[in-house]
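Some notes on the structure that comes next.
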Amino acid sequence: MADIAIAPRRAKTEIREANAWDQLKHNRNWLGFWFMVPALAFLIFFLAYPLGLGIWLSFTDTRIGRVGAYVGTENYEWLWDDAIFWLSVFNTLLYTFVASAIKFGIGLYLALLLNENMPFKAMLRALVLIPFIVPTVLSALAFWWIFDSQFSIISWSLKQMGLITQNINFLGDTTWARICVIFANIWRGVPFVAITLLAGLQTVSPSLYEAAILDGATSWQRFRFITYPLLTPIIAVVMTFSVLFTFTDFQLIWAMTRGGPVNATHLMATLSYQRAIIAGQLGEGAAISSAMIPFLLAAIMVSWFGLQRRKWQQGESND
């Protein structure tokens, strides 16, 4: 009797297993989900967990070598009255806005130029990538030498031409230091924008330009009514990444100026590192890092809403 009772349950279990296997074989969404599980686990372990831990630490008084206690919003209240923190916010926004805007302008121009028929085009495309593939620290050290107060090649050249009588203290002056780090970021970031936009330009059908030329369209009109509209989705994506990378920049600033002089080049990322690791105040450093999240989300949402508005204008679905 026991064997008779167990047999139907085994049959039901086998049927369920068979249905699950059939669903896995025939349902692509179900199969795709299981393929995404390893990547999802990776993201949760290396991104979601550290992010959650950082937010939690921002509500504690944790220090290096000592487990902290929950202090509520005390770290954020302290930052609200911290002039250096607000200076770092201003520096970060200035650094991000100016560098991203100039990178976009130069990158778009290079992409349009490299998309034209010209001799040695393949070699030029490879050369454009050099600033991007050089390690950030090496680039920072090179710029640190170029802008050095004693051995600057720029100051030496200007002195040889008789334009100045003494070396320019590029990294010792607040205004010059900001200009220098922004210039270094632009030099590194332009290749990413240029090559990505160039890839987008390669997808535009030449027949559209040919038809526009036959209709008497000028170069500006072809760009305004063909190139730019078709390139808009790629521009939104590449500029989102450019803003995120620039806003969270750390290596370039830390290797060149350490946030100086007098905190003139301190970004939120470098200030967070200084407070958390060097000063040992993990809770305060985590609060500064967490304060970056709203700015990053705002940049992402602006890009997303821009893309959705573009789809709506073209009559496409928002899926």
Subject >> Met256, sole failed condition from (1) more than 19 Å from Ile106 (Cβ to Cβ); (2) open to solvent by 20 Å² or more (accessible area, probe 1.4 Å) >> reply: (2)
Original post:
Of all residues in the range 151-170, which are open to solvent by 50 Å² or more (accessible area, probe 1.4 Å), of a type outside the set (Lys, Arg) and not in a loop (DSSP other than H, G, I, E, B)?
Top reply: Ile153, Ile154, Trp156, Gln160
**OP:** Just need a number here: residues in the range 116-157 that are within 17 Å of Ile182 (Cα to Cα) and of a type in the set (Asp, Glu).
**Re:** 1
Original post:
Within the set of pairs 6+ apart or on separate chains, which have a first residue in the range 215-239 that is farther than 17 Å from Ala299 by Cβ, a second that is open to solvent by 30 Å² or more (accessible area, probe 1.4 Å), and C-beta atoms under 6 Å apart?
Top reply: Arg222/Tyr209; Ile226/Leu208
**OP:** Could you tell me which residue of the range 43-66 is nearest to Ala279 (Cα to Cα), considering only residues that are under 21 Å from the mean Cα position of the chain (by Cα) and surrounded by 11 or more Cβ atoms within 10 Å (Cβ to Cβ)?
**Re:** Gly54
Subject >> Residue that is farthest from Thr174 (Cα to Cα) [pool: residues in the range 67-92 that are open to solvent by less than 100 Å² (accessible area, probe 1.4 Å) and free of Cβ contacts under 8 Å to residues at least 60 places away in the same chain] >> reply: Ala69
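The values are calculated or read from the model by the stated rules, or taken from the named source; none is laboratory data. These numbers were taken from a predicted model, which means no experiment stands behind them. All Cβ positions, even for glycine, are placed from backbone atoms using ideal geometry, and neighbour counts span all protein chains on display. Note: accessible area is taken over every heavy atom of the protein model, side chains too, but ligands, DNA and RNA are not part of it. Shrake-Rupley method; radii C 1.70, N 1.55, O 1.52, S 1.80 Å.
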